[in-house]
Amino acid sequence: MSKIHVLTPEVSNKIAAGEVVENPASVVKELIENAVDAGATSITAEIKNGGVSYIRITDNGFGMSAEDAKTAFTRHATSKISTAEDLEEIATLGFRGEALASIAAVSNIALMTKSAEGEGVALTLSGGNITDEQAAGCPNGTTVAVRDLFFNTPARMKFLKTDKTETARVTDIVERLILGNPRIALKYITDGKERLFYGGGGDLKACVYSVYGRDYANGVLPLSRGQNNVAVSGFAGKAELARGNRSFQSIFLNGRYVKNRALTYAAEAAYNHTLMSGKFPFFVLHLDVPRGSVDVNVHPTKQEVKFANERAVCDEVYWAVKSALQSGADTLRREIQTPAKHGFSVPSLAEPHRQLPLTASGGAVQLPVFAALAEEGEANPDVSEPTAQTSAPQDFSRGYRVAGQFFDTYIAVETGEKIILIDQHAAHERMIFERLVKAANEHTVAAQTLLSPAAVTLSPKEYGVLRENLEVFAELGFEIEEFGNNSILVRQTPEAVGEEGLKALIEELIEKIGKPGAAMTERRAAMLESVSCKAAVKGGSRLHESEITALIDDVLSTDGVSTCPHGRPLMVDLTKRELEKRFKRIV
Ligand code: ADP
Ligand code: MG
């Protein structure tokens, strides 16, 4: 345990100063951070009335001597740094020696503390002045109880919100502290009720379970990467865990919860084209970088940080999340036990859709076994009696069995212990998009020459935008000639795009490329989305069985995708267990 001293003005003047006690949540944050810095392995946080009337933090850390306990409430008193150089390599969450002094100044405090070496002491303070000091028999560690926050500063009291809102703010802080310190057990009590409990032990997934519950713990993918002096670990949520705001995202840098736009965007970029717009992914990221390469002394609440090499750290974050998402998709495929890749191509719209020979009745695709029976001249078996299959064994040689196409839109696949339903348009669109992105980057988009060029008349504004971006259109496989009078001639289109609906597509692409304020990469991606959507087989179209298997094989052999480019899911599944439950075979 190190001794507390008051920093010299020379050092304290170099500290990013500012008010750290804004509301009960900031008090809870400072007190729990002190407990973490004191090496606690177990912390209890309790609040009443949103923390306004009562906050108590108990830890089993290394405590303080009676003398240190008194010094701790002096401004700029800290045991964590001594010299200005120490500011370059901060290893603790606190370092300014301001929190206890600031909290004490605006509340009534009772502190009990005991170090392993010394006697316990109990101090009472009001408005920053010590009003009582007594020897106390207490376990090693520290308990700080803060009552009547802002009792002597009514102006600040006015800025407090309802107890409910203040409680929510404290809860948010406590949740981040759990996620940021997996080694430490934490119990959180609000108005007498236990609200959160995490048992400690260093298991970040168990932290996710304690804070967000089972669905989140089951829906996260582990990530870990360590290169270029940056270690990234943690969990990225699958796309379906995305929320309408960023509150389910946490980034910790060397154990400190930070808000950093560049890091957030880097993590979100790994989800590009897998989330609906307005949805934000779930993640908990722990970054570790050499202490000297990050400055935490730039903001009073220490949530903002400055990096020596922000770009490199962002790259590592991007790749850590991206590979986690890809391996998540791989897991799904392993479950499906895909056989060796077949190298099927995506069926293109240019290829005329043959009617499935098995669907003369116009209903869903018949199960292959019934078709086989029909071919043998038997009457169509009663569908309600599937045991009539004198059950040639089902063909699972591809690792799955196509159970049929429903509503001319969804493909049902039986595999292992589940049925997967695939949205044919979303899946096909995604496959085409993946291929187009790659081809566009490599300038190898396959194109087709139209039998006769298509003339399209545009508005003067559209015509102007198109003329400025003819090169981008060429990259996508369009050959377009200016025809005068705001008209163009389209001689060639991307392979899967036919002449039908071409004018509408061109107009849509012009709108995407001309979108004001958007980055070029974003505009190009939006164009690729439009082309993919146009080229993909529509819902409501009957598919040939070979087209169905080609599409499924393709979906199963493509890495890291579970949604269409607009973020709609490609597939949903129904497990045998779920069916058994619904039919009450099991309860
Ligand atoms: P800082 O954390 O920036 O040093 P604080 O005002 O929060 O400043 O705390 C002042 C000092 O009091 C700390 O440096 C530490 O030595 C001591 N201290 C505060 N809380 C605890 C605690 N829970 N256990 C042990 N020591 C503590
Ligand atoms: Mg502190």
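The values are calculated or read from the model by the stated rules, or taken from the named source; none is laboratory data. Computed from a predicted structure; not experimentally measured. Positions of Cβ are backbone-derived with ideal geometry, glycine not excepted, and every protein chain shown enters the neighbour counts. Heavy atoms of the whole protein, side chains included, go into the accessibility calculation; ligands, DNA and RNA do not. Shrake-Rupley method; radii C 1.70, N 1.55, O 1.52, S 1.80 Å.
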Point to revise | Rounded accessible area per residue of region 463-555, 1.4 Å, Å² | key: 43 Å²
Practice item. Hand me the GluC sites (Glu not before Pro) from region 443-542 located in a DSSP loop with no more than 15 other Cβ atoms within 10 Å, in residue order please. Key: GLU499, GLU500
Review point. Cross-link list LYS259/LYS322; LYS322/LYS418; LYS259/LYS306: which exceed 18 angstrom alpha carbon to alpha carbon?
Key: LYS259/LYS322; LYS322/LYS418
Exercise for review: Within 10 Å, count the other beta carbons around each residue, average over each peptide in 149-158, 250-259, and list them highest first.
Suggested key: 250-259, 149-158
Review point. Using a basic spin-label model with each label point 7 Å from the Cα along Cα→Cβ, how many nm lie between SER391 and GLU19?
Key: 7.4 nm
Review point. To the nearest 0.05, what FRET efficiency results for ARG467 and THR521 with a Förster distance of 25 Å applied to their C-beta separation?
Key: 0.70
Point to revise | Spatially close lysines, pair count over region 9-198: Cα under 17 Å, gap of eight or more or interchain | key: 10
Point to revise | Qualifying GluC sites (Glu not before Pro) for region 1-71 [loop in DSSP, other Cβ within 10 Å: at most 12] | key: GLU19
Exercise for review: Calculate, axis by axis, the spread of Cα positions in the chain along the three principal axes, and write the results as whole Å, longest axis first.
Suggested key: 98, 68, 44
**Study point:** Residue (of PHE433, ALA403, TYR318) at the positive-pole extreme of the chain, dipole from beta-carbon charges
**Key:** TYR318
Point to revise | region 9-198 shape via C-alpha gyration tensor axes, a/c threshold 1.5 | key: rounded
**Study point:** Of ALA526, ALA504, GLY61, farthest towards positive along the dipole that unit charges on Lys, Arg, Asp, Glu beta carbons give the chain
**Key:** GLY61
Revision key, fill the gap. Going residue by residue through region 116-121, the Karplus relation 6.51 cos²θ - 1.76 cosθ + 1.60 with θ = phi - 60° gives ³J(HN,Hα) values, rounded to whole Hz and with x marking Gly or Pro, of 4, 7, x, 7, x, 9
Review point. By its C-alpha gyration tensor, with a ≥ b ≥ c as the square roots of the eigenvalues, how is region 451-534 shaped: rounded for a/c under 1.5, else prolate for a/b larger than b/c, else oblate?
Key: oblate
**Study point:** Theoretical FRET efficiency, 1/(1+(r/R0)^6), r = Cβ-Cβ of ASN485 and ASP215, R0 56 Å, to 0.05
**Key:** 0.45
Review point. Expressed as a whole percentage, what fraction of the accessible surface of the chain belongs to carbon and sulfur atoms when a 1.4 Å probe is rolled over the protein heavy atoms?
Key: 52 percent
Check your understanding: If each of SER224 and SER126 carries a label point 7 Å out from its Cα toward its Cβ, how far apart are those two points in nm?
Key -> 5.5 nm
Check your understanding: Setting aside same-chain residues fewer than 8 positions from LYS461, which lysines have a Cα under 19 Å from its Cα?
Key -> LYS503, LYS512, LYS515
Review point. Where does the chain land at 222 nm, in deg cm²/dmol rounded to the nearest 500, when only DSSP H runs of n ≥ 4 count, each adding -39500 (n - 2.57), divided by all residues?
Key: -9500 deg cm²/dmol
**Study point:** Burial order of peptide ranges 545-555, 262-272, 293-303 (average beta-carbon count within 10 Å, highest first)
**Key:** 545-555, 262-272, 293-303
Revision key, fill the gap. Reduced to Cα centres, the span from region 267-290 to region 99-124 in Å works out to 41 Å
Point to revise | Sites LEU574 and LYS538 - FRET efficiency at Förster radius 22 Å, r taken between beta-carbons, to 0.05 | key: 0.35
Point to revise | Cleavage-rule hits, trypsin sites (Lys or Arg not before Pro), region 529-587, DSSP coil, Cβ neighbours within 10 Å at most 12 | key: LYS584, ARG585
Practice item. With +1 on each Lys and Arg Cβ and -1 on each Asp and Glu Cβ, and nothing else charged, work out how big the dipole of the chain is about its Cα centre, in Debye to the nearest 20. Key: 1420 debye
Study note, to complete from the structure: Among GLY539, ALA262, GLY560, the residue whose Cα sits farthest towards the positive end of the charge dipole of the chain, when +1 is placed on the Cβ of each Lys and Arg and -1 on the Cβ of each Asp and Glu, is ALA262
